[in-house]
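Contents: one structure, followed by commentary.
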Amino acid sequence: MLITTESSVSEILEARPDAIKVFEKHGVDVPCECDESIQGASLELCDSMCHIDDLQDLMSDLQAFFDGRDCKSIN
């Protein structure tokens with residue numbers, strides 16, 4: 001999966017439910033902070049609503065996670 005600003009949280013988690021740990025490492029508690037309408041929005045739109053501190057960093061780590069590469073946020 002290619003992670004872009006147009007990707008939604010729900011698309012990402014449908015493809016890889018375990019990607020929730022990448023969000024958590026970035027301080028985003030998806031179940032508590034992002035209701036279903038927010039989860040369906042693009043990452044770009046839910047950036048401020050889900051308390052994403054650095055969208056580009058999150059996207060980079062999510063892409064690394066999907067690609068099976070090490071990402072700095074997951075140890």
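Note on the stretch 37-65: among residues that are free of Cβ contacts under 8 Å to residues at least 12 places away in the same chain and in a loop (DSSP other than H, G, I, E, B), the one that is surrounded by the most Cβ atoms within 10 Å (Cβ to Cβ) is Asp47.
Of all residues in the stretch 4-46, those satisfying the criterion of being closer than 11 Å to Phe65 by Cβ and in contact with a Ser or Thr (Cβ under 8 Å, 6 or more places away or on another chain) are Val22, Lys25. Looking only at the stretch 47-58, residues that are within 23 Å of Arg69 (Cβ to Cβ) and of a type in the set (S, T, N, Q) come to 1 in all. Looking at the stretch 1-36, which of its residues are among the β-branched types (Val, Ile, Thr), in a loop (DSSP other than H, G, I, E, B), modelled with pLDDT under 95 and surrounded by 13 or more Cβ atoms within 10 Å (Cβ to Cβ)? Across the stretch 1-36, the qualifying residue is only Val28. Looking across the stretch 66-75, just one residue is modelled with pLDDT of 90 or more and surrounded by 14 or more Cβ atoms within 10 Å (Cβ to Cβ), and that is Phe66.
The values are calculated or read from the model by the stated rules, or taken from the named source; none is laboratory data. Computed from a prediction, not measured in an experiment: that's the story for all the values here. Every residue, glycine as well, gets a Cβ built from its backbone with ideal geometry; the counts of neighbours run over all protein chains shown.
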